[in-house]
Amino acid sequence: MQNTEKAKELAAQRSLEFVEDGMVVGLGSGTTATHFIKLLGGRVKQGLKVRGIASSKTSEDLAESLSIPIIDFHVSTVIDVAIDGADEVTHQLELIKGGGGALLREKIVASAAKRFIIVADSSKLVNRLGKFPLPVEVIPMASPLVTKKLQDMGFRPTVRQIASGEDFITDEGNLILDCHGGEIEDPHKVAASIREIVGVVEHGLFLGMAERALLAGDSNVTELTR
């Protein structure tokens, strides 16, 4: 296993300390969240009683394959703890998420959680957000209109594509615009401006949501709290 993958697994292992018997657990998406789900599945096989609400079809399928009971918000509108990864994390726990394309469901799950905890390798820690392109989920019909508005804000949006050259389609049937533009000086202002654009479903700025981040290096985990 490469060092980065070891770090991701180390962070995911640490996050299990926040999961208790009887909890409803938010299951994130992406590579580090996958490590968490696999480790959680091992705990379930040992007798831990939890129920999961997944932030993507991929995470839901993985959890079910590991015998983690999956429910939805019709069963519980409250999540005790949600564990997810991030593409960038600042020391103030500002996040960019959505590299895997599940940002809408990820934000829904995070918003319903009493505790939202990020797990990542230490390379995701940045002083200021923006090196990683900001994902914006849009209604397909509105994509050209939203692209123009984002360009007016100083971004260089591109429609995300898969390896075959076709457009990436989210679980909800939408497109993702990956917005390049360098460091974001005022994430809250940018987030508010993007949300005002008609046709935008959600953006990948997760602000004021995470309680803590568990960032792993080669052999240790650093814990950041807000």
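Whose amide H sits under 5 Å from the amide H of Gly28, counting only residues 5 or more places off or on another chain, with H placed in the peptide plane?
HN-HN under 5 Å from Gly28: Ile83.
Per residue of segment 143-160, in order, report the coupling 6.51 cos²θ - 1.76 cosθ + 1.60 (Karplus, θ = phi - 60°) as ³J(HN,Hα) in whole Hz, putting x for Gly and Pro.
Using θ = phi - 60°, the values come out as 3, x, 5, 5, 4, 4, 5, 5, 4, 5, 7, x, 8, 10, x, 10, 6, 5 Hz.
Tell me whether the chain comes out rounded, prolate or oblate; compute the Cα gyration tensor, take square roots of the eigenvalues as a ≥ b ≥ c, and use a/c under 1.5 as the rounded threshold.
Prolate, because a/c is 1.5 or more and a/b exceeds b/c.
What is the Cα centroid distance between segment 78-114 and segment 1-56, reported in whole angstrom?
Cα centres, segment 78-114 to segment 1-56: 14 Å.
Please figure out what share of the DSSP beta bridges in the chain is antiparallel and state it in percent, rounded to the nearest 5.
Rounded to the nearest five, the antiparallel share is 55 percent.
With r as the distance between the Cβ atoms of Asp152 and Ser76 and R0 = 41 Å, compute the FRET efficiency 1/(1 + (r/R0)^6) and round to 0.05.
0.50
Given the convex hull of the Cα atoms of segment 134-203, what is a quarter of its surface area in nm²?
4.7 nm²
Under a point spin-label approximation (7 Å from Cα along Cα-to-Cβ), what is the Thr222-Ser65 distance to one decimal in nm?
In this crude spin-label approximation the distance works out to 3.4 nm.
Using Cα-Cα distances under 8 Å and only pairs 6 or more residues apart, what relative contact order does segment 134-203 have, in percent?
With pairs under 8 Å counted, the relative contact order is 47 percent.
How high is the relative contact order of the chain, in percent, with contacts defined as C-alpha pairs under 8 Å that are six or more residues apart?
The value is 23 percent.
The numbers here are math on the coordinates, done by the rules we state, and not lab data. Remember, predicted model here, so these are calculated numbers, not experimental data. A quick note on method: Cβ atoms are made from the backbone with ideal geometry, for glycine too, and the neighbour counts reach across all protein chains shown.
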